[in-house]
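Shown next, in structure tokens, is the structure this report addresses.
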Amino acid sequence: MNQLPRFLKLKKLVSIPAVFLVIVVILFFADLRSIGAASESDVVHITLEVTNPIFGGSNPLLLAEIFDTTPPGISNLYIFRSTSSAIIKFDTSELALSQLSWGKTIDYEIETISETGLNAAHSFLLSNLSPSTLYYFQITVHDKKGNTAKTSNYQFTTLSLPDTTSPANTADFEAVAGRGKITLRWKNPPDADFKGVKIMRNDQFYPLDPFSGITVYSGKGSSFVDREVEEGMTYYYTAFSYDESENYSSGAMASAFLPTAVFVTPSPSPTPSVSPSPTAPVSSIQKLSLKDFEFRQEGKNIIPTGRAKIRVNNKAPVKVFVGYERMPEILKTITISLQKGGKEFLYLLRVNKEKTFYSAVFLPPEDPGMYPLIITVLDHKNRSVKTISSELLVRKEQSSIPVVPVGSWYQEIIAKIQSFINYIYQAASKLIK
């Protein structure tokens, strides 16, 4: 018996029509019988080639492709989120068409996005999303043989908008001069994300932002003693409260004069004045009135009542605004002062990043009553000052539980019920006797 060669190659030419492919497969299995006599140590290599009669040439045909029933595998799923969009990327183990269904529920009610071509790397962009919102999605893929794979439910939450809300200013910020020192005291704001207070100092004028002047204190305390001072000098302080996102309040201001030799308790220092120049043009700030300023508490606008009274409760912070366009473009300072207990507390109004308004947030006094409130606008360029006087009417916040007044109809009904019960009791007592 003739010895079979170590390498046997079977080559069949097959044209595109399927009937010829079947013939080739039959011949292939028939020829396998002819190599049955090969020894176990023989290595047999068989290649099946298919010739394209139209374009010519030949390519290996894998039997695994003929009988492919395996769906594509999905891997390397990544979700890139922002406040208003998301990019979802993933890979498939073979070329495939994919589609993504998504929505705010597991019904994926918003949209189904489909690809138009076969890919192994896939990417979908979801836009016009809402911040801090939960979304659901599911991926479906099909290979060219029609095998389908589908993921389970996935979800993601868009990012929150950055915190741009400043905390309220410190309350009751004051500077008290002593022998060789100035003591600063204040009350921290109630904001949940309050992180600390930064106090800036200047010997010429109040620091107008948290980066001007000298930093004398930064922390969560409620008092500080400034000993880096000299006698015969007036020092101006601005306290800026800040939150976890480094948003700073507009600033609370205080000043103190450090006397020489003999200590004398100073009176509250007024806002530095600007003497009008005889030749200076009339500044636009002279047209300002209380109506140009907006007061708001707990999200509601406060409209001043008779005699320019601004009515607020004693619990929630008060925010005051004035439009940017109503102020001179260059060199101006806007303050609001609140007088209580013989003391004056100053707050600075600062412009927002968009330059649309100036604002300050302050805490009203805890004790109900009437407090003088003065708005001061300094136009440094034209050496002009405008003051607007008003009054802050602070009322105690009412309890949400209604109190039934004495003599009300509730008590009349209760009295009648008690009278009826007494009558029944007396009648029952007589029957028993």
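The values are calculated or read from the model by the stated rules, or taken from the named source; none is laboratory data. If you're wondering where the values come from, they're calculated on a predicted model, not measured in any experiment. Cβ sites come from the backbone with ideal geometry, for glycine too, and all protein chains shown count toward neighbours. Ligands, DNA and RNA are stripped out before the accessible areas are found, and what is left, the full protein with its side chains, is counted by its heavy atoms. Shrake-Rupley method; radii C 1.70, N 1.55, O 1.52, S 1.80 Å.
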Inset, instruction - Set the Förster distance to 60 Å, then compute FRET efficiency between S85 and V225 from the Cβ-Cβ distance, nearest 0.05. - result: 0.70
Legend entry - Unit charges on C-beta of K, R, D, E only; dipole of segment 60-216, Debye: 840 debye
Inset, instruction - Give me the number: length gained by fully extending I303 to T133, i.e. 0.36 nm times residue separation minus the C-alpha to C-alpha distance, one decimal in nm. - result: 57.6 nm
Legend entry - Fully extended contour minus Cα-Cα distance, from D193 to N76, at 0.36 nm per residue: 38.4 nm
Legend entry - Fully extended contour minus Cα-Cα distance, from N153 to E329, at 0.36 nm per residue: 57.8 nm
Legend entry - Nearest-10 value in Å² for the accessible area of K396, using the 1.4 Å probe: 140 Å²
Inset, instruction - With a Förster radius of 45 Å, plug the Cβ-Cβ distance of F257 and L161 into 1/(1 + (r/R0)^6) and report the FRET value to the nearest 0.05. - result: 0.50
